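The values are calculated or read from the model by the stated rules, or taken from the named source; none is laboratory data. No experiment lies behind these values; they were computed from the predicted model shown. Cβ placement follows ideal geometry from the backbone for every residue including glycine, while neighbour counts extend to all protein chains displayed.
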Amino acid sequence: SYALVWFRRDLRDFDHAALYHALKAHTHVYCAFVFDTDILDALPDRADRRVEFIWESVRELQQALRSQGGDLIVLHACAKEAIPALAVKLKANAVYSNRDYEPDAVARDAKVAAKLASHDIAFHQYKDQVIFEQDEVLTQAGKPYGVFTPYKNAHLKKLNDFYLQAYPVDRYRQHLAASDKTEMPTLESMGFARTNLAEMKLPTGMSGGQQLFAEFQERMARYKDARDFPAVKGPSYLSVHLRFGTVSIRHLARTAWQQHNAGAETWLNELIWRDFYFQVLHHHPQVAAGRAFKLEFDAIAFPNQQALFDAWCEGRTGYPLVDAAMRQLNQTGYMHNRLRMVTASFLVKDLLIDWRWGERYFAERLIDFDLAANNGGWQWAASTGCDAQPWFRIFNPVTQSEKFDAQGKFIRKYVPELAACHEKEIHAPWLMPPLRQQSLGLVIGKDYPAPVVEHSVQREKALSLYKNASATQ
Ligand code: FAD
């Protein structure tokens, strides 16, 4: 019998739920990936690191499947029409894919399922990109968790070898079917230009994921101490690989789970945060439609000044750590987790701009953009989310800078204008006396912006916005 495996955000040929189930049940298994015009046409930019990352990863996957006697059919089309048409053409009895929890993907998959059903073709979907999904971790009352720590405890209690074991795809590889080995579309033929991805130290595809994880395993034990300092190589940099499934979440989680040290435990904790936000999205899909999780904060009257938003986007707020972080995002598509928290908090509680504006900007720029984690992170920082930062806790951008980039190493890299400042000056350069500025050849307000707002003033305004919103409930 014949089957088609539809790859989406699972670009690997090992430990892959849908591929395993298809190979086990069918003697001829075709594989396909669609560069979906519904998604690509909506992207704001024709040079997009994510499209290039996917393209490189798809190419590696195609080569890998071909070397095993199979193939990857790569199309540039509207996926919800192309997949049923391909399944009919290949005389597939069933289509297999891994579940995607984003509302647009859920709607697309429902259409595909209906179309396939009209041709009597089954559509099988599997859990693959998370450890536990949907209703697998619920409270004793059968409700979704609204607070992370009890969710994490229940998650860890349930975790065992069974849930973390790899799907043994190798057992049935002989069922991979070769197709006609057509060339995959080039980036250019799809209307996309190359980006600076190749210049960045970000290896793509399954091999890139393996390389990064091998390197991270050397430093995993130190993760807890190193993770908060953007100038230090602390985190794994695997988010984009998790996003596109070039690594297996089970493999990563198993490796951390089997180690008993504070670094591995903290890292596993982060992987559980990832699951947590997926389950928030599943149970509360309205958060993806711009709604605050905490309804009392859904309609805060943010002043939303466009000029302040532009300064934030372009990394010229006059707050060096915020500016360095935004420039890192613009130049590389990545931003360190501590800085995502700092810049998000700054946008909302210092610049008094609606968190949805920032969420959208990150969604356009982050190479690892993931709706569940990005929305969760923004609503956390804006205090509107599920188990969010309390609204009266407001990061001080200067203190954060002194604490997490004490020597200004990260700032100097992305804000070279300030490279000559002493580490005592670099966090709040506007405080340097004019004579000192002159001697450094750096005039604040000319060579580097003066602060666009004053933190202590804005803090009070933010507090009253939130206080009023919570009082009107
Ligand atoms: P590591 O520290 O090595 O963590 C390992 C993995 O755990 C990450 O790759 C990620 O998959 C997961 N993880 C870590 N922290 C979180 C978290 N807080 N929430 C959910 N998952 C987490 N992460 C994304 O993958 N995509 C996003 O679009 C995204 N947007 C964010 C927006 C804001 C405002 C904030 C505060 C956080 C956001 N995060 C997002 C979470 C986190 O910042 C990134 O996952 C992390 O910085 C990626 O770097 P890393 O792979 O080196 O992480």
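At least 2 residues that are over 25 Å from the mean Cα position of the chain (by Cα), surrounded by 13 or more Cβ atoms within 10 Å (Cβ to Cβ) and touching a residue at least 40 places away in the same chain (Cβ under 8 Å) in each: list the helices (runs of 4 or more DSSP H) lying fully within the range 143-223 that qualify. Can you show your working first?
Numbers: elements: 148-158, 161-164, 205-219.
Answer list for the range 143-223: none.
Could you tell me whether VAL247 is of a type in the set (A, V, I, L, M), outside any helix (DSSP H, G or I) and within 11 Å of the ligand (Cβ to nearest atom)?
Yes, satisfied.
Out of everything in the range 390-409 that is part of a helix (DSSP H, G or I) and of a type in the set (Val, Ile, Thr), what residue ends up being nearest to GLU425 (Cα to Cα)? Steps first, please.
First pass over the range 390-409, keeping only residues part of a helix (DSSP H, G or I): 397-404, 409.
After this cut, where a residue has to be of a type in the set (Val, Ile, Thr) as well, the list is 398-399.
Details: VAL398: 11, THR399: 12 Å.
Among residues in the range 390-409 that are part of a helix (DSSP H, G or I) and of a type in the set (Val, Ile, Thr), the one nearest to GLU425 (Cα to Cα) is VAL398.
Looking at the range 253-312 only, could you name the residues that are surrounded by fewer than 17 Cβ atoms within 10 Å (Cβ to Cβ) and of a type in the set (Ser, Thr, Tyr)?
Selection gives THR266 alone.
Within the group ALA92, ALA154, which residue is closer than 25 Å to SER248 by Cα, of a type in the set (A, V, I, L, M) and at pLDDT 95 or above?
ALA154
In the set LEU242, LEU268, LEU238, LEU252, which member is outside the structural domain of GLN328 (by TED's automatic domain parsing) and touching an Asp or Glu at 6+ places or on another chain (Cβ under 8 Å)?
On the way: LEU268 fails: touching an Asp or Glu at 6+ places or on another chain (Cβ under 8 Å); LEU238 fails: touching an Asp or Glu at 6+ places or on another chain (Cβ under 8 Å); LEU252 fails: touching an Asp or Glu at 6+ places or on another chain (Cβ under 8 Å).
From the options LEU242, LEU268, LEU238, LEU252, the qualifying one is LEU242.
Of all residues in the range 423-449, which are within 16 Å of THR399 (Cβ to Cβ) and not acidic (Asp, Glu)?
Restricting attention to the range 423-449, the residues satisfying the condition of being within 16 Å of THR399 (Cβ to Cβ) are 423-431.
Scanning the range 423-449 gives LYS424, ILE426, HIS427, ALA428, PRO429, TRP430, LEU431.
Determine if the range 37-50 includes at least one residue that is of a type in the set (D, E, K, R), under 28 Å from ALA114 (Cα atoms) and modelled with pLDDT of 95 or more.
Within the range 37-50 (the criterion being of a type in the set (D, E, K, R), under 28 Å from ALA114 (Cα atoms) and modelled with pLDDT of 95 or more), the answer is yes, since at least one residue qualifies.
Run down ALA94, ALA122 and say which single residue is of a type in the set (A, V, I, L, M, F, W, C), surrounded by 18 or more Cβ atoms within 10 Å (Cβ to Cβ) and in contact (Cβ under 8 Å) with a residue 24 or more places away in the chain.
Values: ALA122 fails: surrounded by 18 or more Cβ atoms within 10 Å (Cβ to Cβ).
Only one candidate passes the filter, namely ALA94.
Given the criterion surrounded by fewer than 17 Cβ atoms within 10 Å (Cβ to Cβ) and of a type in the set (A, V, I, L, M, F, W, C), identify the matching residue among ALA231, ALA226.
Numbers: ALA231 fails: surrounded by fewer than 17 Cβ atoms within 10 Å (Cβ to Cβ).
Only one candidate passes the filter, namely ALA226.
Conditions (1) touching a residue at least 24 places away in the same chain (Cβ under 8 Å); (2) within 11 Å of the ligand (Cβ to nearest atom); (3) among the acidic types (Asp, Glu), marked per residue:
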position	(1), (2), (3)
ASN304	yes, no, no
ASP310	no, no, yes
GLY315	yes, no, no
ASN330	yes, no, no
GLU359	no, yes, yes
PHE404	yes, no, no
GLN407	yes, no, no
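When residues of the range 337-357 are filtered for being within 8 Å of the ligand (Cβ to nearest atom) and surrounded by fewer than 24 Cβ atoms within 10 Å (Cβ to Cβ), how many remain?
Selection size over the range 337-357: 3.
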